[in-house]
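Every number here is computed from the coordinates shown, using simple stated rules; none is lab data. Every value quoted in this text rests on a predicted model; they were computed, and no experiment measured them. Here the Cβ is made from the backbone with ideal geometry for all residues, glycine too, and neighbour counts use every protein chain on show.
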Amino acid sequence: MSDKEKNFVSAVLYVHNDEAQIGGFLQMVADVLEDHFEHSEIICVNDCSGDNSVDEVRKVSRKVKNTTITVLNMSYFHGVEIAMNAGMDLAIGDFVLEFDACVPDFAPVEIMAAYHKTLTGYDIVSASPDKRQRFTSSVFYKVFNQFTDFPYQLGTERFRVLSRRVINRISSMNKSVPYRKAVYANCGLKTANIRYQVTDVQASKDDKAERKYRTDLAINSIILFTEIGYRFAVTMTVLMMLVAIAVAVYSAVVYLFSTPVAGWTTTIFFMSFAFFGLFGILTIIIKYLQILVDLVFRRKKYSFESIEKMGGN
């Protein structure tokens, strides 16, 4: 009798100009799934690669016996977030493995370690390397975690395992949210993170389109999901209102104790009043925009972690 896992598992891999890594990485993932699961599939989301990444996928697919390998070819470069959403929509597994990049710096056993962690009551289990983050990543996550009220601290993740309950829940949320990790952290389900020892230091991929996309994604995520933009705007607005008041006071002092040019005091008073009102209106507009961002991207009707049913006597 087979002792393999009965759950159907899907793996979604993001592929963009990964010709050098995709073959070995895909083979490793396929071996893990075939060795431990009766039913599995792998979805490779080809985000308009300009190299032979798809050919490498085809080579691996000829060696795989039981696991279905599907290539989802995007029409043009979408970026990792939208591309992975497309792959997730195609996945049918009870659990879904997400690989945002083909970086094989972990041992194959770490995949099963993350999966087994989900079976202990967690709906989202991510795996992170035990090395220091890159400086830019460190700054991003420090700022992001500092200015959000998420119950979980985000950090660099190499892959994650999601239960079907997570996928069903986020499917009912706004699909236009540009940062999946923020959605996972805010979905209300139990999340865990495991750290693994890096087995091989991988050279970073130099892809200008992907690098620019990830930079824009970081900036957009900070603006949308943190309070830093709102706090900065309100601080600058209040500061400028105080400057307008100070200018009005200064003009009054000049009028009382000096002989200003005719009309100067009136003009300064008018400009101070106008700027004070303008920045007051900007404060209200900023608050309205903050409310709209909360309603569209952050808030949901409700969330719950679990349901416990108890029978009567």
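Of the chymotrypsin sites (Phe, Trp or Tyr not before Pro) in region 1-98, which ones lie in a loop per DSSP and count no more than 10 other C-beta atoms within 10 Å? Numbers along the way, then the final one.
Values: sites: Phe8, Tyr14, Phe25, Phe37, Tyr76, Phe77, Phe95; in loops: Phe8, Tyr76, Phe77.
Here the chymotrypsin sites (Phe, Trp or Tyr not before Pro) that fit, given the DSSP loop and packing criteria, are Tyr76.
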By the gyration tensor of its Cα atoms, with a ≥ b ≥ c the square roots of the eigenvalues, what is the shape of region 9-209: rounded for a/c under 1.5, prolate for a/b over b/c, or oblate?
rounded
Taking a ≥ b ≥ c as the square roots of the Cα gyration tensor eigenvalues, with a/c under 1.5 meaning rounded and otherwise prolate when a/b beats b/c or oblate if not, region 228-298 comes out prolate
Applying the span-like rule to the chain (DSSP H, Cα extent along axis at least 20 Å, Kyte-Doolittle mean at least 0.5) gives 22-36, 228-257, 264-293
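Antiparallel as a % of all DSSP beta bridges within region 1-140, to the nearest 5? Kindly include the intermediate steps, with their values, before the conclusion.
Details: 0 of 19 bridges.
Roughly 0 percent of the beta bridges in region 1-140 run antiparallel, per DSSP.
Looking at the chain, send over the antiparallel percent of its DSSP beta bridges, to the nearest 5.
Numbers: 9 of 34 bridges.
The answer is about 25 percent antiparallel.
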Along the positive direction of the dipole of the chain (beta-carbon charges: Lys, Arg +1; Asp, Glu -1; about the Cα centre), which of Gln133, Asn85, Met240 reaches farthest?
Met240
When a footprinting reagent is the concern and you count Cβ atoms within 10 Å, what order do Cys48, Cys187, Cys102 take, fewest first?
Cys48, Cys187, Cys102
Using +1 on the beta carbon of Lys and Arg, -1 on that of Asp and Glu, and nothing else charged, what's the dipole of region 9-209 about the Cα centre, debye to 20?
540
Hull volume per residue for region 1-106, using the convex hull of the C-alpha atoms, in Å³ is 89
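So which of Lys142/Lys212; Lys4/Lys63; Lys63/Lys190; Lys63/Lys208; Lys59/Lys208; Lys181/Lys287 end up more than 31 Å apart, counting from Cα to Cα?
Values: Lys142/Lys212 20 Å; Lys4/Lys63 20 Å; Lys63/Lys190 37 Å; Lys63/Lys208 33 Å; Lys59/Lys208 27 Å; Lys181/Lys287 26 Å.
As for pairs spanning more than 31 Å Cα to Cα, those are Lys63/Lys190; Lys63/Lys208.
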Take every Cα pair under 8 Å in the chain that's 6+ residues apart, average their separations, divide by the length, and report that relative contact order as a whole percent.
16
Note on region 228-298: contact order normalised by length, alpha-carbon pairs under 8 Å, 6 or more apart, percent, works out to 46
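Sum -39500 (n - 2.57) across every DSSP H segment of at least 4 residues in the chain, then divide by the residue count to get the 222 nm mean residue ellipticity, nearest 500. Write out the running numbers ahead of the final one.
Values: 10 runs with 149 residues, N = 313.
It comes out at -15500 deg cm²/dmol, rounded to the nearest 500.
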